[in-house]
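The values are calculated or read from the model by the stated rules, or taken from the named source; none is laboratory data. Predicted, not measured: the structure shown is a model, and the values here were computed from it. Because the Cβ atoms are built from the backbone with ideal geometry, glycine has one as well, and the counts that use them run over all protein chains shown. Note: accessible area is taken over every heavy atom of the protein model, side chains too, but ligands, DNA and RNA are not part of it. Shrake-Rupley method; radii C 1.70, N 1.55, O 1.52, S 1.80 Å.
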Amino acid sequence: MTDTIVALATPDSQSALGVIRISGKKALEISEKACGNPAPPPRYVHLTKYKSAQNETLDQIIMVYYEKGKSFTSENCLELTCHGNPVLIKEILNDLLKRGCRLANPGEFTYRAFTNGKIDLTQAEAIADLIGAKSKQALMLANKNLDGNLTNKIRQIQSQILVQQSNIEAFIDFPEDDLGDEKNRQVITSLCDISSELTGLIEFGKKINVFNRDLKVVLIGPPNVGKSSIFNRIIGMDRSIVNHEAGTTRDFIDYKINLGMVTVRLYDTAGIRKAEQQIEEEGIKKTHLLIQDADLVLIILDRSLPYPSGVDLEIALDIKNKKSILVLNKSDLPKNIDMSESNFRHLRTTVVSTNEKESISSLTGLIQNLLLEEYKTENEFNLSVNLRQSSALLKAQNAIQKSLETLEVGNANEFSVPDLKEAISCLNSIVDTKDNEDMLDLLFSSFCIGK
Amino acid sequence: MNIRNSKKNPYDVVVCGAGHAGCEAALAAARTGAKTLILTGNLDTIAQMSCNPAIGGQAKGQIVREIDALGGEMALNTDFSAIQYKLLNTSKGPAVQAPRAQCDKKKYQLRMKHVLEQSSNLDILQILVTGLLVKKGECIGVKTSLDVNIYGKAVIVTTGTFLRSLMHVGENKSEGGRLGDHTAKGLSTDFQKYGIKLGRFKTGTPPRILGSSIDFRKTQKQYGDENPVKFAFYDTRTDEEMFHVERKSMFHVEHNYEKISQIPCELTKTTTATANIISNNLHKSPLYRGNISGTGPRYCPSIEDKIVKFGERDGHRIYLEPEGLGTDEWYINGFSTSLPLDIQASALKTIPGLENAQIIRPAYAVEYDYACPTQLSLSLESKKIASLFFAGQINGTSGYEEAAAQGLIAGINASHKVLNKPAVIIGREIGYIGVLIDDLTSKGVTEPFRMFTSRAEFRLLFNHGSSEIRYLHVHDLANLISAHRKNKITYKIELINKWIKLLNNSRISLNKTYGDLLRSNQKFDYPSEFSSLSTGIKEEVIYRVQYEGYLKRELQNIEKFKHSEKIIIPKEFSYDGIPGLRKESIEKLNSIAPDTLGHASRIPGVNPSDIEILMIMIQKKSYHR
Ligand SMILES: Nc1nc2c(ncn2[C@@H]2O[C@H](COP(=O)(O)OP(=O)(O)OP(=O)(O)O)[C@@H](O)[C@H]2O)c(=O)[nH]1
Ligand SMILES: [Mg+2]
């Protein structure tokens, strides 16, 4: 890793500023030759001109130099903040390539930070998560791991396993010392505890997965009840066509919004009724598919009309085992609906009018609460577990279970040790592996360029 | 005997010291064809068991069997002088079961002395070694106390605890490596002169008492095993190879190795009164007065240590072990101390059965120089002075077995060097001897080094019964066993493999093989042909089949391990400035200069991620996609 890498760290489009990152041996040479600063004091802001190899001024820039050992990558680094014009940035990048730099691969800066021992694997992943976080909660979790919380937890579990391993070793290597059955039981109990701690982490990983993906919320209901109107109100703009004629929405429309801690993809769908046209039937089929995939279903009914018998059974079948809310719309009009015969009468119900802002914001509040129902306050989480980490945890847990089986039989305890060692090494792969190239390639290529 | 003391006609190999390491070294050198001389300060203490009269025990028992597989003498010598056998860890699997034997101390010595005397290619001389003869960085012989220089093309130092040794009994200090013996002073100075780093360790031994003063009604008898597991392998040997001394000499084959009459040891415990006496007199223990600077072994603590560190508990176990058939001297295992003689005596009297104990040999602590073993290559040759080899306690180890194993390897390699044959390096995937030498040379020692099974990452494959199988290939290089025995071992291996296949493939019921039943702990009858095989073969086959899954995994791990052993670190490789390597690691790597990546990985303070970085750097696998 002696070559110097360079990349644009900001989006490649017209903007106020653009940041170019440089890491490697040539950083100081570039500071001298292109930025006219042969010995920049580190971590200071330098206002200077960027001059090309042909000695023409390309831009007025801000340059910051980070010295080896203390920079993000642990190599000499430069950050050039120039004006955010793609043409200009291309010129500067080309000039840097001419000066012997090479364009960085996705995630290569972080990769260097990792191989140079600046960060461990969970921290590298936390950086990727910080960039790609889908919600405030995901951001917070990523920050906890960046602090090393997961690493600390893993190290702690590893040392607990090690203690039990050394107890077993003592039984083996000091047979004269008469270490009794009772001690053996203690080892078994401790390993059981460790195993359940791992299970806890794995379960936890599944749980917080909710913060790292888009949650699907689907609006359904008979035609003309105001689904599209509600959709537009929630997303805060007129995206879906609203019309007084029934059957306005034919295909579904979706839109991504942030609702507090989670990211929601909201779907407006075609009204459900006996189809009169081919196209509309297609739309209804799609609605059924969406419902199957949904994290939350909002059933919208028009409160000002009598209960629309005939459609609800079908929907009721679909929403079994789904989180759902019954929304009675058009509360500004006189009530005509009678829910007493409805299959939905036991659902959580809210009354709204698209003409009343208040009622819509309480609806979004309700959506959030329901999506996060099983996840308590943000304080509960002080680390994050992703899928890769989770599968390593599972392997470790299986190994511990296997060692427990050996210990329970109790006639050849030495065979429990390889499994404990395996567990420790599985846990290690979460934090610190440098020889699994395939995994690392996969991991770092999911980063964006310039990070 | 014509001792060769001329430069022009040197010995091939000169061995300094005739303890457990020295004897094996001299025999191995002589047996592999080197003209060998062994020097000892005292002919009467050849192969002396300075501490307890027992060979084997956890991990050590396995080493002795490996020594036998390599053609060493210790196993036979133990079997011919054993007075009690015990297999340890029988409640666990075969891999960690270990044979142990109480020996007749004098008989052990005398037989070993006689083996040396009878050996062709081997001269013996009682003389004190006082220094080294070094020419152009190469050792060419030794200086002696009788003002003669003795020349050898290779020299093996096996001086045990005799370097600048100082014995402590209370405040009394005297020079000497063992009670009643001398000390070697000049050697330490010479080692330092040539840049060999020395360290200081201490060890201790308990008092010996008269058996007739023990009240056996208050102690608990510890009997040996009814069917003892012997140390040597007999089914592959001819009579000639078993009784090589006995045949030729005064040792008649009167010692029936098949059935010995075993005599019991005795068990008792320390009491509150013992603890009180010791606590009240700690200030008289040189250990606690800071008079002994060396580091002692943690796992074999003195009684002072035990009382201070572990308290009184429910008493500390004390084993009483007879030192032989022709003597009434008893060894008090678990009571090593450096307290003054009168305190030793009064503390002993507080132990049930020892109320009237009569000490006939006082306990003492000894501190001594050792030469840091990281200065040795894997052949046990010094990296500082060519043709100089080190083996045994001088390398910072403890234990007769560890010493003998090193002696054997140093003996073979000194001889091979002189005879221009390749060095014999035992990998740590082969057995405990490999682990021992690799640990010593890569990790060094911070306290007297004792082997444990847990030091061996592949110990599941190191069951004592498989030693001959594991070491057979070494004899392609080192010719220490007869062609007859080699053939027998080869045949044994074939037989074992055949039966592993048979048990795994032949069905006992419709859908179950013998292997299936064995692995699910079910009862069944073996084929009669199998039952008629020798116990050793049967045990090996059953072990391999029963734990097949685990053992396969170990074999896979060995493959991985071998891979990193194959990655050679170039001699000129520089650790400085490698990004990500910690300062501490760089210092360690620079000072030990490991040969392979595997070797580097075992240096303490160098952690796995350092190794991964090195792997990348050595293989120049820079980041590219
Ligand atoms: N009074 C009143 N009218 C509403 C309310 N919400 C929607 N409407 C009206 O109801 C009619 C239908 O609204 P849409 O949003 O198009 O209904 P939809 O459910 O999407 O209808 P389809 O797409 O045809 O299934 C429009 O004329 C809206 O203006 C409300 O809260 N109060
Ligand atoms: Mg609509």
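Within the protein assembly as shown, the percentage of alpha carbon pairs spaced more than 45 angstrom apart rounds to 52%.
Relative to the Cα centre, the charge distribution of chain B, modelled as +1 at Lys and Arg Cβ and -1 at Asp and Glu Cβ, gives a dipole magnitude of about 1260 debye. Within the set B:8/B:107; B:60/B:562; B:8/B:421, which residue pairs have Cα atoms separated by over 28 Å? Those over the limit are B:8/B:107.
Within the set of other residues whose C-beta is less than 14 Å from the C-beta of residue B:431, count the net charge using Lys and Arg as +1 and Asp and Glu as -1.
Values: positive: B:60, B:65, B:428, B:455, B:459, B:470; negative: B:66, B:68, B:401, B:402, B:429, B:438, B:439, B:457, B:468, B:554.
Surrounding charge for residue B:431 is -4.
Counting 0.36 nm for each residue step from residue B:583 to residue B:525 and taking away their Cα separation leaves a gain of 14.7 nm. About the centre of its Cα atoms, the protein assembly as shown shows a dipole size close to 2040 debye [charges on the beta carbon of Lys, Arg (+1) and Asp, Glu (-1) only; nearest 20 debye].
Heavy atoms of chains B and A lose about 3100 Å² of accessible surface on contact, summed over both sides with a 1.4 Å probe.
Check cross-link reach from residue A:26 to the lysines: straight Cα distance under 24 Å, and skip same-chain residues fewer than eight apart. In chain and number order, the partners are A:49, A:51, A:68, A:70, A:90, A:98, A:118, A:451, B:620, B:621. When the alpha carbon gyration tensor of the range B:473-528 is reduced to an equivalent ellipsoid, the three semi-axes, largest first, read 35, 10, 9 Å. Between the listed residues A:306, A:168, B:491, the Cα displaced farthest toward the positive end of the dipole of the protein assembly as shown, a dipole computed from Cβ unit charges relative to the Cα centre, is found at B:491. Summing +1 for each Lys or Arg and -1 for each Asp or Glu among the other residues whose beta-carbon sits under 11 angstrom from that of residue A:81 gives -1. Summed over qualifying helices (DSSP H, 4 residues or more, each -39500 (n - 2.57)) and divided by its residue number, the protein assembly as shown shows a 222 nm mean residue ellipticity of -11500 deg cm²/dmol.
Once Lys and Arg get +1 and Asp and Glu get -1 on their Cβ, which of B:280, B:570, B:460 lies farthest toward the positive end of the dipole of chain B? The Cα lying farthest towards the positive end belongs to B:570. Based on alpha-carbon centroids, what's the gap between the range B:540-592 and the range B:463-483 in Å, whole number please? Cα centres, the range B:540-592 to the range B:463-483: 24 Å. Both radii were evaluated on the Cα set of the range B:567-621; the Rg over Rh quotient, with Rh as the Kirkwood radius, amounts to 0.89.
Averaging 1/r across all pairs of distinct Cα atoms in chain B and inverting the result yields a Kirkwood radius of 25.8 Å. Considering only GluC sites (Glu not before Pro) in DSSP loops that have at most 14 other Cβ atoms within 10 Å, the longest stretch of chain B without any of them is B:356-571. Modelled spin-label separation between residue B:346 and residue B:173, with each label point placed 7 Å from Cα along the Cα-to-Cβ direction: 2.5 nm. Tell me which DSSP H helices of chain A clear both cut-offs, 20 Å or more of axial length from alpha-carbon atoms and a mean Kyte-Doolittle hydropathy of at least 0.5. Those that clear 20 Å and a mean of 0.5 are A:416-431.
The HN-Hα couplings worked out from phi for the range B:586-598 by the Karplus form 6.51 cos²θ - 1.76 cosθ + 1.60 (θ = phi - 60°) are 4, 4, 4, 5, 5, 6, 9, 6, x, 7, 10, 5, x Hz, whole numbers, x standing for Gly and Pro. Taking 24 Å as the limit for the C-alpha separation, the pairs B:202/B:230; B:86/B:492; A:144/A:322; B:202/B:306 exceed it in the case of B:202/B:230; B:86/B:492; A:144/A:322. For the range B:316-436, the alpha carbon positions stretch 60, 28, 28 Å along the principal axes, listed from largest to smallest. Both radii come from the Cα set of the range A:158-225: Rg as radius of gyration, Rh as Kirkwood radius; their ratio Rg/Rh reads 1.50. Ranking A:14, A:103, A:117 by how far each Cα lies toward the positive end of the dipole of the range A:5-119 (charges on Cβ) leaves A:117 at the top.
In plain terms, chain A is cut at each of the GluC sites (Glu not before Pro) found in a DSSP loop with at most 12 other Cβ atoms within 10 Å, and the longest leftover piece is A:57-244. Spacing of the modelled spin labels on residue A:258 and residue B:267, each 7 Å from Cα toward Cβ, amounts to 7.0 nm. Neighbours of residue A:258, meaning other residues whose beta-carbon lies under 9 angstrom from its beta-carbon, give a summed charge of +3 when Lys and Arg score +1 and Asp and Glu score -1. Can you list which of the chymotrypsin sites (Phe, Trp or Tyr not before Pro) found in the range B:145-207 are DSSP loop residues with at most 15 other C-beta atoms within 10 Å? Qualifying residues, ordered by number: B:194.
Run the accessible area of the protein assembly as shown with a 1.4 Å probe and give the carbon-and-sulfur part as a rounded percent.
The value for the protein assembly as shown is 50 percent carbon and sulfur by accessible area.
Translational diffusion of the range B:1-53, estimated by Stokes-Einstein from the Kirkwood radius over alpha carbon pairs at 37 °C in a medium of 0.692 mPa s, is 274 µm² per second.
Place a +1 charge on the Cβ of each Lys and Arg in the range A:1-61 and a -1 charge on the Cβ of each Asp and Glu, then give the dipole magnitude about the Cα centre in debye, rounded to the nearest 20.
About 180 debye.
Applying D = kT/(6 pi eta Rh) to the range A:214-371, where Rh is the Kirkwood radius over alpha-carbon pairs, T corresponds to 37 °C and eta to 0.692 mPa s, the Stokes-Einstein value obtained is 213 µm²/s. Summary: within chain A, the longest segment free of chymotrypsin sites (Phe, Trp or Tyr not before Pro) located in DSSP loops with at most 16 other C-beta atoms within 10 Å is A:45-374.
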